[in-house]
Amino acid sequence: DAEFKPFKLLNYRVIPFDKKVIKKKKGAIYLRQGKAFGSGFHPTTKIMAELMGKKKGKIESFFDVGLGAGLLPIIQKKWGCEKVWAIDISERAVEEAAVNLNENGVAIDRLEAVDLRKFKKRDKFDLVAVNIIFEDLILMRQKILSFVGSEKYLAVSGIPVKYLDEFRPRFEKGDL
């Protein structure tokens, strides 16, 4: 993707690469160009990263549903998050994320290509980030909320403005 150029995100410089990066720069995150959604260049990924930034240092466990290129797990691990899981329905995205995690010297606890509806593992997280289509958010509401720890955080993106009023009441945790 010729349009993916280095850019600033939070306190990092996100730098595209095509081959193994020999000399790494401090304060940089390296992502393979344009192979999977979620490079941080897209507004939804950028907003999610900015939301995470508000909780920097307060998140010990993180679950990324719809990880794309793996940018959010990379950031969380760089911030010292202890437990990080990430899944995506796309095998290509997971393969790309694995390359990006490796290139940034980051290892996470679980990386899997799986549809959330078929995901069998159970755990609670301080922050669950979900970037999937609106219809799937609604259909998988109960399962998504089951991963959010008590008094913890759910961050979602990709909700069309016209559905915002419909979305909010459905994701209030009190009615589980």
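Values in this text are rule-based calculations from the coordinates and carry no lab data. Computed from a prediction, not measured in an experiment: that's the story for all the values here. Glycine gets a Cβ as well: all are built from the backbone with ideal geometry, and neighbour counts include every protein chain shown.
Explain nothing, just the number: relative contact order of the chain, from Cα pairs under 8 Å at least 6 residues apart, as a whole percent.
Answer for the chain is 18 percent.
Starting from the Cα-Cα distance between R13 and R92, subtract it from 0.36 nm times their residue separation and give me the gain in nm to one decimal. Walk me through the numbers on the way to the answer.
Numbers: separation 79, 0.36 × 79 = 28.44 nm, distance 2.42 nm.
Taking 0.36 nm per residue and subtracting the Cα distance, the gain is 26.0 nm.
Run lengths n ≥ 4 of DSSP H only: what is the helix-derived mean residue ellipticity at 222 nm for the chain, with -39500 (n - 2.57) per run over all residues, to the nearest 500? Intermediate values should be presented prior to the final figure.
Values: 6 runs with 51 residues, N = 176.
It lands at -8000 deg cm²/dmol.
For V84, which sequence-distant residues (separation of 5 or more, or a different chain) have an amide H within less than 5 Å of its own amide H, given hydrogens modelled in the peptide plane?
Amide H neighbours of V84, under 5 Å, 5+ apart: F62, D109, R110.
Which part of the range 46-81 falls in the paramagnetic zone of A28, meaning amide N under 20 Å from the point 7 Å along Cα-to-beta-carbon?
69-79
Pop out the ³J(HN,Hα) list for the range 105-115 in order, Karplus 6.51 cos²θ - 1.76 cosθ + 1.60 with θ = phi - 60°, rounded to Hz; leave Gly and Pro as x.
Once θ is set to phi - 60°, the couplings for the range 105-115 become x, 10, 10, 10, 6, 8, 9, 8, 8, 7, 6 Hz.
Just for the chain, what percent of DSSP beta bridges are antiparallel, to the closest 5? Present the calculation step by step, with values, prior to reporting the outcome.
On the way: 3 of 26 bridges.
Percentage antiparallel, nearest 5: 10.
Cα axis of helix 43-53 to longest principal axis of the chain: angle in degrees, 0 to 90, nearest 10?
Its long axis makes an angle of about 80 degrees.
Considering only the other residues whose Cβ falls under 12 Å of the Cβ of K120, what net charge follows from Lys and Arg at +1 and Asp and Glu at -1?
Counting the neighbours of K120, the net charge comes to +3.
Could you tell me which residue out of T45, L67, C81 lies farthest along the dipole of the range 39-87 toward its positive end? Charges go on the beta carbon: Lys and Arg +1, Asp and Glu -1, centred on the Cα centre.
In the range 39-87, that residue is C81.
Name the residue, out of K24, K78, K121, whose mean-square fluctuation peaks in a Gaussian network model built on the chain with Cα pairs under 10 Å.
Most flexible of the set in this elastic network: K121.
In a shell of Cβ-Cβ distance under 11 Å around I74, excluding I74 itself, what net charge do Lys and Arg (+1) and Asp and Glu (-1) give? Walk me through the intermediate numbers first.
Values: positive: K77, K78; negative: D64, E103.
Residues close to I74 contribute a combined charge of 0.
So if I place +1 on the C-beta of Lys and Arg and -1 on the C-beta of Asp and Glu, and nothing else carries charge, what would the dipole magnitude of the chain be about its Cα centre? I want it in debye, nearest 20.
With Lys and Arg at +1 and Asp and Glu at -1, about 700 debye.
Determine the dipole magnitude for the range 52-156: charges of +1 sit on the beta-carbon of Lys and Arg, -1 on that of Asp and Glu, nothing else is charged, the reference point is the Cα centre, and the result goes in debye to the nearest 20.
Dipole about the Cα centre, nearest 20: 460 debye.
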